[in-house]
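Throughout, read-outs are computed from the coordinates displayed, never taken from laboratory work. These numbers were taken from a predicted model, which means no experiment stands behind them. Backbone-built Cβ (ideal geometry, glycine too); neighbour counts: all protein chains shown.
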C-alpha cells in the first residue's frame, strides 16, 4: 500500500453526503473500485470509511441527516484541510470574514473539526489530527480512485485567494489556462488545487469546491459512469501538458470530477 504524508495546509479528507448510502457505495465502487468499512454511530447512523483498492485512505460517506434535507442541501462532497488547531484556525477564519457553520468539535478520538463558509460563500472543513505531529496519511494522489485536485469555483477570485492565503499560507500563482485566468494553489512546492471564476452560465450557482479523482483510463471510466445511471456534464477535455478531465454527476446528484494524468 502506498501512502502520502499529509502535512498542515494539505487537503486531507473528503466526505460524501448522500440520501442513499447503499446506492452511492455501489455506484462509486464500479467507478473507482473503492473498498468500504461501515462504522456504527452512537445516534444509530453509519459512517462508511472509503479506501482505494490497495487500502489507502480516501474519505468517508454518510446518509444526509434530516436537517440537511429540510434545509434543501443537495447531495455533495465536503473537502477537509489539515490544520494544527481547529479552534485557532476557526477563529482566524472568522476574523478573515468567514462564517463558522459548525464550531470546532471532537470526532471521537480521531481528531477535531469545524465547518466553515468562506467570504465568497463556499463551504469547506478543517481537520486537526489527534496525533501530536499534526499529520496523517492517505493514498497517493496518482492512485486510481484517490482525490488528486481541489478546485474552487467562486464569484470573487481575489477575495477568495486573499482569504485562503492568509488562513493556510498557500502560495498562489496566477496563470492563463485554456484562454481563461486561473489561480494555482501550491502547498510546500506541490500543486494541490486551483481557483477560478464561476462562468457566466453558472451565475446562479453559489461558490463551491469541486473534487477531482484520479482514474487510469478516462474514456473507460466515463463509459462506466454512463452505464450506471451517472451523467457526464463536461468532457472528456484535454488540459495541455497536464492530462484529461471530465465532470460527472452521480445518480443521487453529487457532482464529482475525473482526472487522468498525462501519459496514463
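Below are the figures for this structure:
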item	result
Gyration tensor verdict on the stretch 1-116 (Cα atoms; rounded if a/c is under 1.5, prolate if a/b is larger than b/c, oblate otherwise)	oblate
Expected 222 nm ellipticity per residue - DSSP helices of 4 or more, -39500 (n - 2.57), all of the chain, to 500	-5500 deg cm²/dmol
Neighbour-count order for 239, 117, 31, 195, fewest beta carbons within 10 angstrom listed first	239, 117, 31, 195
Cα gyration tensor category, rounded, prolate or oblate, for the chain with a/c compared to 1.5	rounded
Pairwise FRET efficiency - residue 216 versus residue 110, Cβ, R0 = 22 Å, nearest 0.05	0.10
